[in-house]
Amino acid sequence: MLTYENFVAVLLGAIERAGLNIAYTQELIDTHALGRSLSITCLPDGVEDDHGPEEPSLRAVVAFRWSPEFTVFSLRGADSLDDIEHFVDERLFARSRTGPSLDVEVIYYLPLTPLQQRDVAALPLLAHAVQELHGTLVEEHEVMRVDGVLAFDVDGMARVQGVSALRIWSLDDALYDVELLALTFEELCTELHAMLELLYAQFGPSEGSEPQSFDSFGSDRRYFKPPTA
């Protein structure tokens, strides 16, 4: 199995070759269990991060969690499996009893106008529009899930707080083969780049429009960027 360092190097190489517009990255380590996680935030081409505390309104985040068991398995090989299998989350071995499986998530966050925030009834149409865009890039069974978050004010009025779309890439054999992993990440980055551009063309700010206000839900609805690696 590839090590964490190998895995990340292949991912970063694919991102660089795809020419993705990276806003920032975040790499964390669990000081108790020694698990690691990495997230990389991408923006549409030509869009610059304003370096403010708020997250960019239209973005894609590539993220994965590297379990501490992965590190043991990648350094000690298959012989270590018998020693740790009783302590490992069964989801890590759901796809292959010969070793771990890992999911890489790509989450797309959509900008919302004040009108879209107020129009809860239009949320299914918005979700369908996003899935139709994704359907132009993938097979029908691969179309990603769209999630909506509702917020209710003190008067019980509902508003759309956020809309995101999730695409999951499950890695099995690619965890053991650099070339296969590189091909998988190339496909991931190509799709991500194309989807971001489609979303920006349909949902991005029109020329000359004012930027979306992050205060539309009040001060308790502000989301701030994490520390970056």
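Key figures for this structure:
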read-out	value
Qualifying residues in region 144-161 (those that are under 15 Å from the mean Cα position of the chain (by Cα) and in a strand (DSSP E or B)) - the one farthest from Pro56 (Cα to Cα)	Arg145
Criterion violated by Pro205 - all others in (1) out of contact with any strand residue (DSSP E or B) (no Cβ under 8 Å at 6 or more places or on another chain); (2) closer than 24 Å to Glu5 by Cα; (3) not in a helix (DSSP H, G or I) satisfied	(2)
Residue count for region 167-185, restricted to those that are buried (at least 17 other Cβ atoms within 10 Å of the Cβ), in a strand (DSSP E or B) and aliphatic (A, V, I, L, M)	1
Residues within region 144-157 that are touching a Leu at 6+ places or on another chain (Cβ under 9 Å) and surrounded by 14 or more Cβ atoms within 10 Å (Cβ to Cβ), tallied	3
Members of region 12-46 that are in a loop (DSSP other than H, G, I, E, B) and open to solvent by less than 40 Å² (accessible area, probe 1.4 Å)	Leu20, Gly35, Pro44
Leu150 being of a type in the set (A, V, I, L, M, F, W, C), touching a strand residue (DSSP E or B) at 6+ places or on another chain (Cβ under 7 Å), over 21 Å from Gly204 (Cβ atoms) and without any contact (Cβ under 8 Å) to a residue 60 or more places away in the chain	yes
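The values are calculated or read from the model by the stated rules, or taken from the named source; none is laboratory data. None of these values were measured; they are calculated from a predicted model. Backbone-built Cβ (ideal geometry, glycine too); neighbour counts: all protein chains shown. Note: accessible area is taken over every heavy atom of the protein model, side chains too, but ligands, DNA and RNA are not part of it. Shrake-Rupley method; radii C 1.70, N 1.55, O 1.52, S 1.80 Å.
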